[in-house]
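Inspection log for the structure reproduced underneath, given as structure tokens.
The values are calculated or read from the model by the stated rules, or taken from the named source; none is laboratory data. Note that the coordinates shown come from a computational prediction; the quantities given were computed from them, not determined experimentally. Neighbour counts run over all protein chains shown; Cβ positions are idealised from the backbone, glycine included.
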Amino acid sequence: MRIRAAARRRPGIVIGKTGLIATALAVTLAAAALPRASWSGVSASGRLSIEATLEPDHVAPGEEATLTVRIRSAGLNLPDVDVRPLRNVEVQRAGTAQNFSMVQARVERTSTTVYRLIPRTEGLVSIPSLRISVGRDHAESAPLTLTVSRAAASRGAPPRPVRGAGTGPSGTPEVFVKATVDHPRVYWNQQLVLSLRLYSRVDIIGDVDWKAPGTKGFWSEGLGPPRQERVTLNGVEYAMMEIPTALFPTRTGALTIGPAQIRFRVARVIQPPDPWSMLAVPEVVPQDVALTSDPITITVDPLPPRAPSGFRGAVGDFRLALHVDGLTARAGEPVMARATIRGTGNIPTIRDPEIRALGAAREYVAGSSSRTDRSGDRLTGERETDVAFVADRPGVLVILPVRLVWFDPEARRYRSQASDSVKVQVLPGNLAESQAGRASPGPPILAAPRRASGPFGRLTLDPPDGGTAVFGFSVLAYGAAIAAGRIRARKHRDPRFLRLQSLAALLARDLARAESFASQNQPARAAALAENALRAGAGYRFDADVAGLPRGELTRILRSRGAGEGEISALESLFESLEGIAYAPPETRGADTKQALRAVRALLERYRGELAR
């Protein structure tokens, strides 16, 4: 019996079960060595390849991640690839760019496709492999993983470089946003300017989407459309786009301006793989960029104490002018007086000055208007108030000096300006003038006596009985009018009556404007006007000047003037409601505004009734 010799193993070759284990281990180690965010798959012949990159791979819900897919094919056939729908992720195809090159009779085509991935919920998003094939050549990318967590938003992803721009100094960003204010410390109601600036060294495609920062505790006014210019920073030229906003703090303490969010699209230039090819044209692919500015903290100081009489909360730099439409007028004709306030500050919230006159039988508020100029670096404008006076008798109508008191934050002191008094000569009216210009008719001419009495009675010079009664009634009415005029003049000099009139003007003017803003879906303006009206109304009711005072000092003064704890609690509740209106959810904002304004009107109506007793 022949015994066959055992086969010898060749050195260096592993066969059988041990070979399978070694192969699996090698594949595992190779897969672990690949980066998680990008991978390149090449066919066996090397004529076809696909590369997928994900940037960034950590985002928060609602933020965008960019998936870039690059395909290279040796030949004229260039396969297309599409990303399948992902669960809880919105996939948007941003665009595709293709390139064609031919070197030494070898043709090569490339394509770059950019996708925007917007996850909706937290978790891990698995992006499966992308497969392509041309004939017998096959290639596929490795699966990618996108981590979605809210921690990514608080941590903040590092800025991604945007390729295609000129090379700048080391460390110089290509695109960044910066938020600045001109005054980090201001007084209550003082104007400060917030500037949001976007700097870019690459081309921006289309419009820029600006999401304004949160400005809780501020009255805001835009300063016109975005402004563009070219600037140089650290020796590098940038295209700068700026959006300025005027802010007026409505309360004291530390206030925070939240971060602004900016979204835009830049032109991303991808150089061809073969720069020596005459047909190699750089690919331009749009890339979405999202930037966030840093929050800013503002310190708001209360106005200095001991404000002069007549101060109503105006803060800024203002000038007062008084204009009368004529120095002579006829009895019964209106004389129009206009007070104009011009300057820099929160013009729409300035209260109308009081315009008074001596010798006027009647007066009417003809109207008031505001005009703002947003074209400059700060908010400026003017406010006009028209009052008509009517004198019924000839004489002199004296328009008393009009006084304006405001706080100048640059000089850190209160200022005041008063106009001169204006005298208007009141001439007789048309009827009195015609009677005064006639020649005297002389003594009365007696009629010749009749010889006998006829059927029509006797001719006599005595007035009839009805005429005597009319004359007596006229004398009584004239005396009553004089007495009523004296009572009215005495009433107009009563401080309590003046406070009642000012409170009525608050209801008819300021609160009506606030209700108009609320109907126009402008809750912030409506709340600010209502808050100022509530402050002024409380001051009129308890005879205290509280304009511009911080909340604590306001309540202390009202207590000293006799306001009870229940009254103070009601005012505090209304103040807090008005401050929170502009920042309530959109679905409840309108209802909250109208409800708060109704409460303010009810309280001011009660104050007016108490003053009228």
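Residue by residue, here is whether (1) buried (at least 16 other Cβ atoms within 10 Å of the Cβ); (2) under 30 Å from the mean Cα position of the chain (by Cα) holds:
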residue	(1), (2)
Ile296	yes, yes
Thr299	no, yes
Pro308	no, no
Gly316	yes, yes
Thr328	no, no
Ala337	yes, no
Gly343	yes, yes
Pro348	yes, yes
### Summary
Filtering the range 379-397 down to residues that are within 39 Å of the chain's Cα centre (by Cα) and either at pLDDT below 90 or among the β-branched types (Val, Ile, Thr) (or both) yields Thr380, Thr385, Val387
### Query
Being in contact with a Pro (Cβ under 6 Å, 6 or more places away or on another chain), farther than 30 Å from Ser45 by Cα, hydrophobic (A, V, I, L, M, F, W, C) and modelled with pLDDT of 60 or more, is that true of even one residue in the range 132-153?
yes
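Within the range 108-121, which residues are in contact (Cβ under 8 Å) with a residue 40 or more places away in the chain and either assigned to a strand (DSSP E or B) or surrounded by 15 or more Cβ atoms within 10 Å (Cβ to Cβ) (or both)? Even if it seems obvious, please write down each step before you answer.
Applying the first criterion (in contact (Cβ under 8 Å) with a residue 40 or more places away in the chain) to the range 108-121 yields 108, 110-121.
Correct list: Glu108, Thr110, Ser111, Thr112, Thr113, Val114, Tyr115, Arg116, Leu117, Ile118, Pro119.
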### Query
What about Phe407, is it crowded, with 22+ Cβ neighbours inside 10 Å, under 21 Å from Leu192 (Cβ atoms) and not hydroxyl-bearing (Ser, Thr, Tyr)?
yes
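Filter the range 182-217 down to the residues that are of a type in the set (A, V, I, L, M) and more than 19 Å from Arg374 (Cβ to Cβ) and list them by number.
Residues of the range 182-217 that are of a type in the set (A, V, I, L, M), as a first pass: 186, 192-194, 196, 198, 202, 204-205, 208, 212.
The answer is Val186, Leu198, Val202, Ile204, Ile205, Val208.
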### Query
Has the range 70-92 got any residue that is at pLDDT 85 or above, part of a strand (DSSP E or B) and out of contact with any Lys or Arg (no Cβ under 8 Å at 6 or more places or on another chain)?
yes
### Task
State yes or no: is Leu529 part of a helix (DSSP H, G or I) and either touching a Leu at 6+ places or on another chain (Cβ under 7 Å) or modelled with pLDDT under 80 (or both)?
no
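Among Val231, Val186, Val193, which is the only one that is at pLDDT 90 or above, β-branched (Val, Ile, Thr) and within 14 Å of the chain's Cα centre (by Cα)?
Details: Val231 fails: within 14 Å of the chain's Cα centre (by Cα); Val186 fails: within 14 Å of the chain's Cα centre (by Cα).
Unique residue meeting the criteria: Val193.
In the list Val335, Val402, Val390, Val315, which residue meets the criterion of being of a type in the set (A, V, I, L, M), within 23 Å of Ala524 (Cα to Cα) and out of contact with any helix residue (DSSP H, G or I) (no Cβ under 9 Å at 6 or more places or on another chain)?
On the way: Val335 fails: within 23 Å of Ala524 (Cα to Cα); Val402 fails: within 23 Å of Ala524 (Cα to Cα); Val390 fails: within 23 Å of Ala524 (Cα to Cα).
The match here is Val315.
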### Query
Does the range 261-271 contain any residue that is at pLDDT 85 or above, outside any strand (DSSP E or B), closer than 20 Å to Pro173 by Cβ and under 25 Å from the mean Cα position of the chain (by Cα)?
no
